[in-house]
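Novice: First the structure, then my questions, so here it is.
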Amino acid sequence: KANKYPNQLSGGEQQRISIARALAKDPQILLCDEPTGALDYEDGKQILIELEKLAREDNKTVVIVTHNREISKIADRVITVKNGEIINEQINEIIIPAKEIEW
């Protein structure tokens, strides 16, 4: 795929490349807008496992924006936004590992 143009890649391939580009800079904070959006279930789950590893093992701050409530189960803190306003904020007392969530 190295010699392909972005428009010659699938949405999932473009998504994975975007994540890889962000990680290559070794940021302390990673902002992820629907990181599993264009991916199939297995690839999406693997991305979540990697993001979780960055947060837990590498001590990075990972912010995930998603419409998928199941993904919120892996988070320390969940903020719900509706129409641009925060309507709820909670700390997860029980955090489920990314490898164990299903959606």
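Novice: Check off (1) surrounded by 15 or more Cβ atoms within 10 Å (Cβ to Cβ); (2) at pLDDT below 95; (3) of a type outside the set (A, V, I, L, M, F, W, C) for Arg56 and give me the number that stays unchecked.
Specialist: Among (1) surrounded by 15 or more Cβ atoms within 10 Å (Cβ to Cβ); (2) at pLDDT below 95; (3) of a type outside the set (A, V, I, L, M, F, W, C), Arg56 violates only (2).
Novice: Just to be sure before I move on: is Leu39 under 25 Å from Glu100 (Cβ atoms), touching a residue at least 12 places away in the same chain (Cβ under 8 Å) and open to solvent by 40 Å² or more (accessible area, probe 1.4 Å) in the structure I sent? Let's see the steps before the verdict.
Specialist: Working: under 25 Å from Glu100 (Cβ atoms): yes; touching a residue at least 12 places away in the same chain (Cβ under 8 Å): yes; open to solvent by 40 Å² or more (accessible area, probe 1.4 Å): no.
Spelling it out, it is not the case that Leu39 is under 25 Å from Glu100 (Cβ atoms), touching a residue at least 12 places away in the same chain (Cβ under 8 Å) and open to solvent by 40 Å² or more (accessible area, probe 1.4 Å).
Novice: Which numbered condition trips up Ile101, out of (1) exposed (fewer than 12 other Cβ atoms within 10 Å of the Cβ); (2) touching a residue at least 12 places away in the same chain (Cβ under 8 Å); (3) closer than 19 Å to Tyr41 by Cα?
Specialist: All conditions pass for Ile101, except number (1).
Novice: Between Leu51, Leu9, which is surrounded by 10 or more Cβ atoms within 10 Å (Cβ to Cβ) and without any contact (Cβ under 8 Å) to a residue 12 or more places away in the chain?
Specialist: Unique residue meeting the criteria: Leu9.
Novice: If you don't mind, there's one more thing I want to ask. Tally up the residues in the stretch 76-94 that are acidic (Asp, Glu) and closer than 18 Å to Glu52 by Cβ, please.
Specialist: Summing the residues that are acidic (Asp, Glu) and closer than 18 Å to Glu52 by Cβ in the stretch 76-94 gives 2.
Novice: So, one more: Restricting to the stretch 1-40, name every residue that is part of a helix (DSSP H, G or I) and under 21 Å from Glu70 (Cα atoms).
Specialist: Our first condition is that a residue be part of a helix (DSSP H, G or I); within the stretch 1-40, this holds for 6-8, 11-24.
Result: Gly12, Gln15, Arg16, Ile19.
Novice: Turning to a different aspect of this structure: When you scan the stretch 63-88, how many residues do you find that are of a type in the set (Asp, Glu), surrounded by 10 or more Cβ atoms within 10 Å (Cβ to Cβ) and over 24 Å from Pro27 (Cβ atoms)?
Specialist: The total comes to 1.
The values are calculated or read from the model by the stated rules, or taken from the named source; none is laboratory data. Since we're looking at a predicted model, the values are computed, not measured. FYI the Cβ positions are ideal-geometry reconstructions off the backbone, even for glycines, and counts take in every protein chain you see. Quick note on the areas: whole protein, heavy atoms, side chains included, nothing else; ligands and nucleic acids left out. Shrake-Rupley method; radii C 1.70, N 1.55, O 1.52, S 1.80 Å.
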